[in-house]
1. Could you check what % of the DSSP bridge pairs in the chain are antiparallel, to the nearest 5?
2. How big is segment 7-136 by Rg and Dmax over its Cα atoms, in Å?
3. Please report 138, 269 as a ranked list, fewest other C-beta atoms within 10 angstrom at the top and most at the bottom.
4. What percent do you get for the relative contact order of segment 160-308 when only Cα pairs under 8 Å and 6+ apart count?
5. Counting helices only, and only those DSSP H runs with n ≥ 4, report the 222 nm mean residue ellipticity of the chain as the sum of -39,500 (n - 2.57) divided by its residues, in deg cm²/dmol to the nearest 500.
6. May I ask what percent, to the nearest 5, of DSSP beta bridges between residues of segment 103-247 are antiparallel?
7. Ranked by Cβ crowding within 10 angstrom, fewest neighbours first, how are 48, 228 ordered?
8. Based on Cα coordinates alone, diagonalise the gyration tensor for segment 10-69, multiply each eigenvalue by 5, take square roots, and list the semi-axes in whole Å, largest first.
């Protein structure tokens, strides 16, 4: 039952209108410029930039990337030029495109999150904040903000107080029950949730008898984590009433559609960008082809439409 009409691909996340539900995941797309020769940045649902911290961050020592079976371990350490350079140089480039910019922010203390949110509020082109809570809180003995419901809620509330922008909280899967964190950030005023961030893992070089990554532990991404990510999206969609951005091992349009059926309103594509720089375009086209093939006129009909 093929459909000839061009289906509607636009979706809305917390008042933010996207041309389609596909965006790059933070940290895998730089600031967009590197991918411009391969991807029409005007055709993406949104551009999510790599994590920004208040001050420039050099990141972790190499080696800090290691390919694994069906995945990638990374321990980049949030390397970025800092807020001032981002505002002065990187954002100027991105403003030429007709695509919403979502800025991923990270802090080592509650105050750093607040300052980042305040200084990005009202900045031309910035349409939403994605809050990376997978960072250790240096004032609380290194507990990761996103692994403790009350701490995740505090960050959410603090950022919300400082901005008029939609606040998207990016959840870590390295917790006992991800729905508890999701409920906590919903209660603190989050406008949307993105999930999942990477899973913790390691690899060992048996010749050198050393960890393959200098930092010992890395974040695992890629196809290997997709079933875990899909289940997390499904569970969180049952637990909260917030729009979800699903991510974790999305390589094809089929993967993206699975996440939407599980409850995601949009999807973010990470590791796949490093395998195929055109993958975002392929996924957008693939979703459209699927809708046409099924005679579905609106991509929103897929969201949460899992038959149980």
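1. 40
2. When restricted to the Cα atoms of segment 7-136, Rg and Dmax are 15.2, 47 Å.
3. Fewest-to-most Cβ neighbours within 10 Å comes out as 138, 269.
4. Across segment 160-308, relative contact order equals 19 percent.
5. -8000 deg cm²/dmol
6. About 35 percent, rounded to the nearest 5.
7. Ascending Cβ contact count within 10 Å gives the list 228, 48.
8. The answer is 26, 15, 12 Å, longest axis first.
Read the figures in this text as sums done on the coordinates, not as results from a lab. These figures come from a predicted structure and were not determined experimentally. Neighbour counts are summed over all protein chains in view; Cβ atoms, including those assigned to glycine, are modelled from backbone coordinates with ideal geometry.
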